[in-house]
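So the structure is just underneath, and the comments pick up after that.
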Amino acid sequence: MEKTDISDPSYFHKVVDCQWACPAHTPVPAYIRLIAHGRYTEAFMINWESNVFPGILGRTCDRPCEPACRRGRIEEKPVAICRLKRVAADNRGPVDHLMPAIPTVKNGKRVALIGAGPASLTVARDLMPLGYDVTLIERDPQGGGLMRKNIPSFRLPVAVLDEEVGRVLDMGLTTRFGAEVTSMKSVLDEGFDAVFVGTGAPRGKDLRAPGRDEAAANIHIGTDFLSSVAFKHIETIGKRVVVIGGGNTAMDCCRTALRLGAESVTVTVRSPCEDMKASDWEIEDAEREGIPILDNHSPKEFVVEDGKLTAVVFERMRAEYTDGRRKLIPTGEPDVVVECDDVLMAVGQENAFPWIERDIGIEFNEWEQPQVDKDTFQSTRPGVFFGGDAAWGPENIIWAVAHGHQAAISIDLHCQGEDLMRRPAPHVNLASQKMGIHEWAYDNDISNDKRRIVPHVDPALSLRDLSMEVELGFDAQQAVDEAMRCLNCDIQTVFSDNLCIECDACMDICPVDCINFTQNADEPDLREDLRVPAMNHEQALYVSGDLNTGRVMVKDEDVCLHCGLCAERCPTGAWDMQKFLFVDAKALPIPPQEQSDAA
Amino acid sequence: MTHILKPQFRHPNLRTNSVGLTRRDYEGVISTLCAGCGHDSVTAAIVEACFEMEIPAHRVAKMSGIGCSSKTTNYFLNRSHGFNSVHGRMPSVATGANLANRDLVYLGVSGDGDTASIGMGQFCHAVRRRVNMLYICENNGTYGLTKGQFSATNDRASRNRKGMETPFDSIDLCNMAIELGAGFVARAFSGDKAQLVPLIKAGLHYRGFALIDVISPCVTFNNHATSTKSYDYVRHHNQMVGRLDLVPEQEEITAEYAPGTSTDVTLHDGAQMRLSKLDISYDPTDAETALPVLERYKRKGEIATGILYLDDREQDLHDLIGTTTKPLNEVDADTLCPGSDALAAINDAHR
Ligand SMILES: Cc1cc2nc3c(=O)[nH]c(=O)nc-3n(C[C@H](O)[C@H](O)[C@H](O)COP(=O)(O)OP(=O)(O)OC[C@H]3O[C@@H](n4cnc5c(N)ncnc54)[C@H](O)[C@@H]3O)c2cc1C
Ligand SMILES: Cc1ncc(C[n+]2csc(CCOP(=O)(O)OP(=O)(O)O)c2C)c(N)n1
Ligand code: SF4
Ligand code: SF4
Ligand code: SF4
Ligand SMILES: [Mg+2]
């Protein structure tokens, strides 16, 4: 193999599994260390800079970082990254003085953002400090998008939402709430320099079956139902409720129904439980509240008696997999009848743009999806950008934020008359952590603790109160204990082949057999030949240049604990532990990063 | 010195042996030696050998004296018996222990100072008595623990860090051991585990006195350019004369070798070894021809490594003096102490 090029920022970035997996590339281990030191405000600011909504995401993020977390490969569970983020947000000190200054003299460019969800708000957050004149146009009376109208307040308290949405709005945007856009042309006619479409995927899907129309009064589209609850248009529900669907919307619907007073709530899914789209933790929360989930139940008919819905009939299914593709096949068992008063239909959402004229240069594909460039987020009409769920269909908040950052960069380049493909480079830095012979600026002692479980309020209380937050969050000690589980994957093992005397000390000490001195070979052979074969192909091999004996050092990054023992046992300093800072480029200028000893 | 404990986490795919243990289960506490010390590599090789042999830790007695090298018995097999003796006295303690309990596996770890200076006499007699043990001398040509004085194995040509010369010739422990009747003599380099691990395994299998003289650089006091025991020097002057491979139990010896270049040996416990000559003039089973060849290498400043001598008779002290076949702790009290009448009878026989 070729010698690894560690000057390529993506090499070490990939080693920081959580940060690499985070769509907004939040520097996770840096803020986790700050939390361990009780430095919540700084931890919050690192988050805010990357993902704009630390308090919201610390409760609701889909957390793609956690399945990626290295800790999950050396023991059962990853670090509770998401819940640590919440600790920073909940315990921080004042931050107003740390927010970027908003120029009073504007730069003369006007930008419209349609929809006030996380995607648009991120664009606003990134552009306001640059002096743009930003107008936010939203159908609803308040900002936040689905975070406000669909994520129930027992998961996300309104106060947290108001605060973090408010922090963006307070930057001085022009807002037009309660203003549904019905014509894109008319927005364009206002002469904005750029328009960003962040209208989400607002249309909840329906499910056709006999009796659907007759029972319409008692069948509700899940996302509409949740919005109506959020805006207090619905405050009660029937005694027996059936929720159809297996995604997160279904989980929010069933738990909301319970809190509105339903006596029995049943979730039904067409597929086997293992295939449910909902996140594991959301399913667990629903089950903990005593909600049964009937899997392999496909809705067949809505039973209506005397003009009123009385039951849903389900056909029993089983899954068959051929070439990794699933087919649901009726089992032939007798149908199941579940009696009910109301049905909540949570079978997916889609984006829809009846309000965008098709003759203004914004092209749509055959499925009526806008054509959007994956890198620039620009539509086929220069100056019109899409992001969040509006771009490619429903995702989640952190993706909406990541899109917003990229769109803001594009809008800035567009307004300054520059090439959209000339994206700014990330900010990277490598700094040795050596403080003394065996002393490091980070805590290299590895905690053996198991993942902490976030405490919940007493269900007897929370099931009666729609707005009582179920999760209590970690207390300070739990947060420290959980933070100590982090392996500091950003503290990189940096190897200088010219210093190595091949004494084997690092190889001998490494607790997880990462390090090898061996003959070089092609990657597949090299992977096989290591002390423990490197079978996780997602993880890189770090290969040195030729050493004196003609061998090379090969480190499998897969399960490195970043314990620094290799560097401690190296007599020549050929290994060093260096903190790798990676801050993704944003339109918002990157604030000077604190070189604090804890982060 | 490293302040943290070595993390308990291990690679999830780390190999296990047939008793379900991983290599890491054969480790001891974390080393307190200098970073890069050759002795730590020897420890790693011992750990590897014990793992591969599936040695039950409670059947091993780790014996050592004083020195950085002698400290290392603490860094492997932390569930074994151990005795850290006075400086240079390990061979006597090991002899006594072995006489009392012949069923344990005796693994002695010493240094060149501990062995070739203060312990020289002790060492010679343990060899001569063919105490059944593996004696590993971690040879760095210096007294590491006491800050780098010349040891008796330091070569005449080898200066210390400050450029000082030694007026004395070095003692070659391997030559000496062959002359004194050791049955298994090998030399190795801490930086070459491919060679060292099979030697340790064979030495542990061997019955009788087995010596491995491991050149194990002291990074702190004897790894400079004018040292003949530095990593660089050893790498450039290492001449493997006899290669030893252990044949795994299940496998038959099938490989074809050029005639006259290899010999297969089956040890008393059934372990099979193959010795391959790398120097055609060298025969590790014949002490008479081997010694002059070794002397020749030494004079050229070359380090002859590998299996240097093997006596397949595998005799040990118990055979030579005809002791009881059982460990003393299994012999009942009446037999151990036959009483004053028996003593009187013996005395009478001498009158
Ligand atoms: C029930 C449910 C629960 C969810 N839970 C989570 C969760 O826990 N974690 C997570 O990460 N994600 C969750 N999501 C997904 C997440 O909410 C969305 O992916 C995210 O909000 C998308 O952000 P966005 O900015 O693209 O659009 P949205 O948040 O959808 O915001 C779009 C905004 O545009 C407005 N709008 C639409 N059309 C117009 C128009 N024509 N004129 C003016 N305004 C308009 C809408 O009123 C809305 O306010 C959930 C989604 C649902 C449905
Ligand atoms: C009776 C006695 N004399 C002298 C010493 C001092 N002393 C301690 S270790 C040592 C030499 C150790 O050298 P070596 O066996 O080569 O071990 P190394 O540290 O080099 O591995 C000496 C002389 C002692 N501890 N006890
Ligand atoms: S251990 Fe820490 S740094 Fe490593 S992936 Fe997990 S959270 Fe990130
Ligand atoms: S930091 Fe070094 S010693 Fe620790 S696990 Fe990683 S490679 Fe091994
Ligand atoms: S002084 Fe020399 S022998 Fe002793 S631990 Fe240090 S390097 Fe090893
Ligand atoms: Mg010594």
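The values are calculated or read from the model by the stated rules, or taken from the named source; none is laboratory data. Note that the coordinates shown come from a computational prediction; the quantities given were computed from them, not determined experimentally. Positions of Cβ are backbone-derived with ideal geometry, glycine not excepted, and every protein chain shown enters the neighbour counts. Just the protein is used for accessible areas: all its heavy atoms, side chains included, with ligands, DNA and RNA removed. Shrake-Rupley method; radii C 1.70, N 1.55, O 1.52, S 1.80 Å.
Observations, loosely collected:
- Extension gain, A:Leu472 to A:Ala460: 0.36 nm times the residue separation minus the Cα-Cα distance gives 2.8 nm.
- Beta bridges by DSSP in region B:23-349, antiparallel share as percent, to the nearest 5: 35 percent
- Helix A:81-91 axis, angle to chain A major axis (alpha carbon atoms, nearest 10°): 80 degrees
- Formal net charge of residues neighbouring A:Ser544 (Cβ-Cβ distance under 10 Å; K, R +1; D, E -1): +1
- Taking 0.36 nm per residue of separation and subtracting the Cα-Cα distance, full extension of the segment from A:Asp529 to A:Glu339 would add 62.2 nm.
- Taking Cβ atoms as reference points and 15 Å as the exclusive limit, the residues near A:Glu263 contribute a net charge of +1, counting Lys and Arg as +1 and Asp and Glu as -1.
- Take A:Tyr542: with every protein chain present and a 1.4 Å probe, its accessible area is about 10 Å².
- Neighbours of A:Ala505, meaning other residues whose beta-carbon lies under 10 angstrom from its beta-carbon, give a summed charge of -4 when Lys and Arg score +1 and Asp and Glu score -1.
- Taking a straight Cα-Cα cut-off under 29 Å and skipping sequence neighbours fewer than 8 places away in the same chain, the lysines within cross-link reach of B:Lys201 are A:Lys555, B:Lys6, B:Lys62, B:Lys71, B:Lys193, B:Lys229, B:Lys277, B:Lys298, B:Lys326.
- Neighbouring partner chain Cβ atoms per residue of A:561-572, average, 10 Å criterion: 4
- Full-stretch length increase - A:Ser447, A:Ala431 - with 0.36 nm per residue and alpha-carbon distance subtracted: 3.4 nm
- Estimated [θ] at 222 nm from DSSP helical runs (n ≥ 4, -39500 (n - 2.57)) normalised by residues in chain B, nearest 500: -8500 deg cm²/dmol
- Residues whose placed amide H lies under 5 Å from that of B:Gly88, excluding near-sequence neighbours: B:Ile66
- Calculated P(r) tail over 44 Å for chain A, as whole % of Cα pairs: 27 percent
- Per residue of chain A, the DSSP helices (runs of n ≥ 4 H) give a summed -39500 (n - 2.57) that works out to -7500 deg cm²/dmol at 222 nm.
- When a 1.4 Å probe is rolled over the protein heavy atoms, the share of accessible surface on chain B that falls to carbon and sulfur comes to 51 percent.
- Per residue, the solvent-accessible area of region B:23-349 (1.4 Å probe, heavy atoms of protein chains only, all protein chains present) comes to 43 Å².
- Partner lysines whose Cα lies under 30 Å from the Cα of A:Lys205, excluding those fewer than 8 positions away in the same chain, are identified as A:Lys149, A:Lys185, A:Lys232, A:Lys239, A:Lys277, A:Lys300, A:Lys308, A:Lys327, A:Lys374.
- Paramagnetic reach from B:Arg59 in region B:77-118 [backbone N under 15 Å; point 7 Å along Cα→Cβ]: B:80-81, B:102-107
- GNM top mover of B:Gly163, B:Gly306, B:Gly82 - chain B, alpha-carbon springs below 10 Å: B:Gly163
- Sulfur and carbon atoms: percent of accessible area, region A:204-348 [1.4 Å]: 46 percent
- Solvent-accessible area lost on pairing A with B (1.4 Å probe, both sides summed) amounts to about 2700 Å².
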